[in-house]
Amino acid sequence: MLKIEDFNILNKQKTNKLKILNDPIYGFITIPNSLIFDIIEHRYFQRLRRVTQMGLSNLVYPGANHTRFHHAIGCMHLMQKAVSVLRTKNIEISNDEANALCIAILLHDIGHGAFSHALEHSIVNGISHEEISLLFMKKLNKEFKGQLSLAIEIFEGKYHRGFFNQLISSQLDVDRLDYLKRDSFYTGVTEGNISSDRLITMMNVKDDELVIEQKGIYSVEKFLIARRLMYWQVYLHKTCIVAENMLVKVLQRAKVLAKQNIELPASSTLKYFLYNSITEENFTEKTLEIFSRLDDYDVLSAIKEWMFHEDIVLSNLSKMIINRHLLRIEIQDKPFSEKYKEKIKGNLQNELKIAEENLHYFMFLNSVVNQAYNTTKPIKILTKKGKLKDIAKASDLLNIKALSKPVVKYYFCYPKKFLLN
């Protein structure tokens, strides 16, 4: 019979920290060292297993159930490849720098809340997921006795080698190289399937800038076109737009009811954010610790309970999300006329008897912008003569210049007649 001492001995046995993970996109991914293994094993990072990468996009693409955990591990893998490629081109990157780059990209999304962006527009205000990511990194740095300091410096763009931050955050960064390929795979939208290997192989550094060699120009063109198509077909798909807005609305309604001290069934973690006003100013270490326990499961289980709440707005919105009876959405190139908005508003008030003060939960309009390429932070092409050119000028594809122009579309959401009764 095992004694307590035996369990202590078992716990003290060394763990093999040089693990290999099997990823459906890249195959085998190696965890490079024990520090990164310990960061991945940390409860803050493990939370990402319970935060979906694409929010409610699985209501459109049933396969889109992959998580922020998948994405972060994939980014780390691509960063290892990028470091290896740059080293072969005589770009000196020390082991400490390489390690910091891997840690920075591994943790770049750790501050994402449940269902990704929905919390930022409903129950946590005035603080972005990037700022929360930085708070998590600083907290982890204390726990790991300063071993993340260089990674934080790179993440904040304060490190003297500017191209390091470009690998983390730019128009052709490791983050985008993974999420486009990964989201394309899980949604089945093949237009987004970029050649991340080819793009990384073509990377170089000139005057402390991350650049792409001239041989990779066609891969960059495909990357930009793929990004544009993925935004219209996936991220800004009309059903994805209406589903995410409805999720924001249900959380906003819950927040209003919580302010009135109305009892809402929810986990203690979610209740903390519903019944307290959370802003950047009061986002303390205690708040961060509670946030680290908040994930998709808290929100989804609460919405399932709210379907039966006595508040008709909360219950209706919850039923619509859970049963996928979403609002109707119209999208067009021009703003909707006041006459048309008043007509829809009148119909809703007359036929569905929605009170004036609750109308904004069920009828709302806004716009979305898709700009595949931003010329203010250009992707530089390194010509064979050693000169740098903006991809928009180096490319002979006219589409690239067109992609730099923001395309705005306007949407209008309101109920289908049979939903509210």
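The values are calculated or read from the model by the stated rules, or taken from the named source; none is laboratory data. These figures come from a predicted structure and were not determined experimentally. So basically every Cβ, Gly included, is an ideal-geometry build from the backbone, and we count neighbours across all protein chains shown. To get the accessible areas, we keep the full protein, side chains included, count just its heavy atoms, and leave off ligands, DNA and RNA. Shrake-Rupley method; radii C 1.70, N 1.55, O 1.52, S 1.80 Å.
Tell me which residues, restricted to the stretch 213-251, are in contact with a helix residue (DSSP H, G or I) (Cβ under 8 Å, 6 or more places away or on another chain) and among the polar types (S, T, N, Q).
Hits for the stretch 213-251 are Q214, S219, Q233, T239.
Which ones in the stretch 211-265 are without any contact (Cβ under 8 Å) to a residue 60 or more places away in the chain and over 30 Å from D396 (Cβ atoms)?
V256, L257, A258, K259, Q260, N261, I262, E263, L264, P265
Here is a list: L140, L119. Which entry is in a helix (DSSP H, G or I), at pLDDT 95 or above and out of contact with any Pro (no Cβ under 8 Å at 6 or more places or on another chain)?
Only one candidate qualifies: L140.
Restricting attention to the stretch 130-155, which residues are closer than 18 Å to L48 by Cβ and small (G, A, S)?
Matches in the stretch 130-155: S133, A151.
Got a sec? Which of K206, K249 is touching a Leu at 6+ places or on another chain (Cβ under 9 Å) and farther than 30 Å from L86 by Cα?
K249
Name the helices (runs of 4 or more DSSP H) wholly within the stretch 303-414 that hold at least 1 residues that are acidic (D, E) and within 30 Å of K271 (Cβ to Cβ)?
Working: elements: 312-322, 338-351, 359-362, 391-394, 399-403.
Fully inside the stretch 303-414 and qualifying: nothing.
Starting from the stretch 15-39, keep only residues that are under 19 Å from D96 (Cβ atoms) and free of Cβ contacts under 8 Å to residues at least 60 places away in the same chain, then list their pairs with residues that are outside any loop (DSSP other than H, G, I, E, B) and aliphatic (A, V, I, L, M) whose Cβ atoms are within a distance under 6 Å, requiring at least 6 positions of separation or different chains.
Once the first residue is under 19 Å from D96 (Cβ atoms) and free of Cβ contacts under 8 Å to residues at least 60 places away in the same chain and sits in the stretch 15-39, its partners that are outside any loop (DSSP other than H, G, I, E, B) and aliphatic (A, V, I, L, M) give T30/I20.
Could you check the stretch 387-421 and list, in sequence order, the residues that are closer than 30 Å to K319 by Cα, modelled with pLDDT under 85, surrounded by 17 or more Cβ atoms within 10 Å (Cβ to Cβ) and not aliphatic (A, V, I, L, M)?
Once the filter is applied, which keeps residues that are closer than 30 Å to K319 by Cα, modelled with pLDDT under 85, surrounded by 17 or more Cβ atoms within 10 Å (Cβ to Cβ) and not aliphatic (A, V, I, L, M), the stretch 387-421 yields nothing.
Within the group L140, L148, L180, which residue is touching a His at 6+ places or on another chain (Cβ under 8 Å) and among the aliphatic types (A, V, I, L, M)?
One residue alone meets the criteria, L140.
Would you call R182 more than 23 Å from I381 (Cα to Cα) and either basic (K, R) or at pLDDT below 95 (or both)? So that I can check it myself, show each step before the final result.
Values: more than 23 Å from I381 (Cα to Cα): yes; either basic (K, R) or at pLDDT below 95 (or both): yes.
So R182 passes the test.
For the stretch 176-273, which helices (runs of 4 or more DSSP H) that fit wholly inside it have 2 or more residues that are farther than 25 Å from G27 by Cβ and either open to solvent by less than 10 Å² (accessible area, probe 1.4 Å) or among the small types (G, A, S) (or both)?
Result: 238-259.
With respect to I152, is the statement that it is touching a Lys or Arg at 6+ places or on another chain (Cβ under 7 Å) and more than 18 Å from D296 (Cα to Cα) true?
yes
Would you point out the residue of the stretch 306-330, among those that are within 28 Å of the chain's Cα centre (by Cα) and either among the basic types (K, R) or surrounded by fewer than 16 Cβ atoms within 10 Å (Cβ to Cβ) (or both), that is farthest from R253 (Cα to Cα)?
The extreme case among them is E330.
Could you say which residue among N125, N95 is at pLDDT below 90 and out of contact with any helix residue (DSSP H, G or I) (no Cβ under 9 Å at 6 or more places or on another chain)?
N125
Could you run through the stretch 57-90 and say how many residues are open to solvent by 40 Å² or more (accessible area, probe 1.4 Å) and either among the aromatic types (F, W, Y) or under 18 Å from L101 (Cβ atoms) (or both)?
Residues in the stretch 57-90 being open to solvent by 40 Å² or more (accessible area, probe 1.4 Å) and either among the aromatic types (F, W, Y) or under 18 Å from L101 (Cβ atoms) (or both): 7 in total.
With respect to I379, is the statement that it is open to solvent by less than 20 Å² (accessible area, probe 1.4 Å) and closer than 14 Å to I217 by Cβ true?
yes
For I91, only one of the following conditions fails: (1) under 25 Å from L135 (Cα atoms); (2) touching a strand residue (DSSP E or B) at 6+ places or on another chain (Cβ under 8 Å); (3) assigned to a loop (DSSP other than H, G, I, E, B). What is its number?
Of (1) under 25 Å from L135 (Cα atoms); (2) touching a strand residue (DSSP E or B) at 6+ places or on another chain (Cβ under 8 Å); (3) assigned to a loop (DSSP other than H, G, I, E, B), only one is false for I91: (1).
Sort out which residues of the stretch 341-371 are open to solvent by less than 80 Å² (accessible area, probe 1.4 Å), touching a residue at least 40 places away in the same chain (Cβ under 8 Å) and farther than 19 Å from Q252 by Cα, and write them in order of number. Talk me through it step by step, then tell me what you get.
Restricting attention to the stretch 341-371, the residues satisfying the condition of being open to solvent by less than 80 Å² (accessible area, probe 1.4 Å) are 341, 344-349, 352, 354-355, 358-359, 361-365, 367-368, 370-371.
Keeping just the survivors that are touching a residue at least 40 places away in the same chain (Cβ under 8 Å) gives 341, 344, 348, 352, 354, 358, 361-365, 367-368, 370.
Listed by number, the residues that qualify are K341, I344, L348, L352, S367, V368, N370.
Which one of the conditions (1) open to solvent by less than 10 Å² (accessible area, probe 1.4 Å); (2) under 22 Å from I379 (Cα atoms); (3) touching a Leu at 6+ places or on another chain (Cβ under 8 Å) does Y159 fail to meet, given that it meets all the rest?
It fails just one condition, (1).
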